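The structure appears right after this line, and notes come after that.
The values are calculated or read from the model by the stated rules, or taken from the named source; none is laboratory data. Nothing here was measured: the structure is a model prediction, and the numbers come from that model. Glycine also receives a Cβ, built like all others from the backbone with ideal geometry; neighbour counts cover every protein chain displayed. Surface areas here come from the heavy atoms of the whole protein model, side chains and all, with no ligands, DNA or RNA. Shrake-Rupley method; radii C 1.70, N 1.55, O 1.52, S 1.80 Å.
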Amino acid sequence: MKNLKKIILYGFDFLYLLKKNLEKAIFKKPSFCLRVLIYHDVKSKSQIELFKNQILSLRKEYDFISPNEFEQLIRSKVKPNKKTILLTFDDGFKSNKKLAEQVLNELNIKALFFIISDFISLSKNSNEYNKIINNIYPNGPNKEELSKPMDMEDIKFLISTGHQIGCHTRSHKKLSNLTCPNDLESEIISSKIKLEEYLNINIKHFAFPFGTYESINKNSLKIISQNYKHIHSGLRGNNKNTSELIYRDAVNPEMKIIRLKSFLSGNADFFYKRKFNILKSYIN
């Protein structure tokens, strides 16, 4: 199975290079493309440098847009003939603030940060921290390698430098496992209320934990759609015809740029479209 997956991924890379060369040969102009990237904890200086190199490489082909520009684009009936990217970061690790400070602000790129509300300011030695980390990484991560959570001052810094905050539940529980309406409302709505009160902002974006088809269901999507304008998944795709449910491409700083560009060119989108449409039908 692993070998088959490798063969498919290398096939995607080959298709990307082939398509790229054909576009150059026929001087094809880019059509509208709106991709959203997901990053998580960027733990080390070397990873921050790899991240910066990825962004600089993507910048040669894509325009990086702000969350506000993203909202305007998906509402607009007339789409520009250009390739665009919105950057998002899930969970709320302190490394995200460092990355914004050292890379994004320097390049004048504005991103969307999805925060787990009960994760803010927790000590790495606390039971509450361990519970949420175990929710984020059910298979058991090396906790020593993880960044600590952002505190409120870190999040206020992001807002003050032009970035936007979204909600990522209270404690990163898999929403499809929650059957009690009160539990769902606590994860989806209480987290929003807490962040909005503490930060004095209006939160329009929600990213559901894990982002997979299996990690969400009809009941949770209904509650989310009643309280947020945009619901961010982890299903790969181009957001040229979306508005409420959003495709996102998971990526990490170690991913080779050719593989990343291969995903962004749409080579893997077919595998996610059917499941995305099913989820979309739950909120229409």
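If you check SER171, SER160 for being polar (S, T, N, Q) and buried (at least 16 other Cβ atoms within 10 Å of the Cβ), only one passes: SER171.
Out of curiosity, is TYR129 among the hydroxyl-bearing types (Ser, Thr, Tyr), within 21 Å of THR212 (Cα to Cα) and without any contact (Cβ under 8 Å) to a residue 24 or more places away in the chain? Spelling it out, it is not the case that TYR129 is among the hydroxyl-bearing types (Ser, Thr, Tyr), within 21 Å of THR212 (Cα to Cα) and without any contact (Cβ under 8 Å) to a residue 24 or more places away in the chain. Within segment 49-68, residues that are within 14 Å of ARG259 (Cα to Cα) sit with their Cβ atoms under 7 Å from residues that are among the β-branched types (Val, Ile, Thr) and surrounded by fewer than 17 Cβ atoms within 10 Å (Cβ to Cβ), at 6+ positions apart or across chains, in these pairs: GLN54/ILE257; SER57/ILE257. Taking the criterion of being hydrophobic (A, V, I, L, M, F, W, C), open to solvent by 20 Å² or more (accessible area, probe 1.4 Å), modelled with pLDDT of 95 or more and within 16 Å of the chain's Cα centre (by Cα), would at least one residue in segment 57-79 satisfy it? Checked segment 57-79: at least one residue is hydrophobic (A, V, I, L, M, F, W, C), open to solvent by 20 Å² or more (accessible area, probe 1.4 Å), modelled with pLDDT of 95 or more and within 16 Å of the chain's Cα centre (by Cα). One residue stands out in segment 246-266 among those that are within 18 Å of CYS33 (Cα to Cα) and among the basic types (Lys, Arg): the one that is nearest to the chain's Cα centre (by Cα), namely ARG248. Going through (1) touching a residue at least 40 places away in the same chain (Cβ under 8 Å); (2) among the β-branched types (Val, Ile, Thr); (3) over 16 Å from VAL42 (Cβ atoms) one by one, VAL78 falls short only on (1). Residues in segment 220-243 that are out of contact with any strand residue (DSSP E or B) (no Cβ under 6 Å at 6 or more places or on another chain) and either open to solvent by less than 10 Å² (accessible area, probe 1.4 Å) or assigned to a loop (DSSP other than H, G, I, E, B) (or both): SER220, LEU221, LYS229, SER233, LEU235, GLY237, THR242, SER243.
Matching residues to (1) surrounded by fewer than 20 Cβ atoms within 10 Å (Cβ to Cβ); (2) more than 15 Å from the chain's Cα centre (by Cα); (3) under 21 Å from PRO67 (Cα atoms):
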| residue | (1), (2), (3) |
| --- | --- |
| ILE115 | no, no, yes |
| ASN125 | yes, yes, no |
| LYS148 | yes, yes, no |
| ASN182 | yes, yes, no |
| LYS192 | no, yes, yes |
| LEU199 | yes, yes, yes |
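Among the residues of segment 244-255, what is the count of those that are touching a residue at least 60 places away in the same chain (Cβ under 8 Å), charged (D, E, K, R) and open to solvent by 40 Å² or more (accessible area, probe 1.4 Å)? Write out each step before concluding.
Taking segment 244-255 first, the residues touching a residue at least 60 places away in the same chain (Cβ under 8 Å) are 246-255.
From what's left, charged (D, E, K, R): 248-249, 254.
Narrowing the set further to residues that are open to solvent by 40 Å² or more (accessible area, probe 1.4 Å) leaves 254.
So the answer is 1.
Take the residues in segment 135-146 that are part of a loop (DSSP other than H, G, I, E, B) and over 21 Å from the mean Cα position of the chain (by Cα), then tell me which one is modelled with the lowest pLDDT. Filtering first and then ranking leaves ASN142. Within the option set ILE203, ILE188, being part of a loop (DSSP other than H, G, I, E, B), buried (at least 20 other Cβ atoms within 10 Å of the Cβ) and β-branched (Val, Ile, Thr) holds for one residue only, ILE203.
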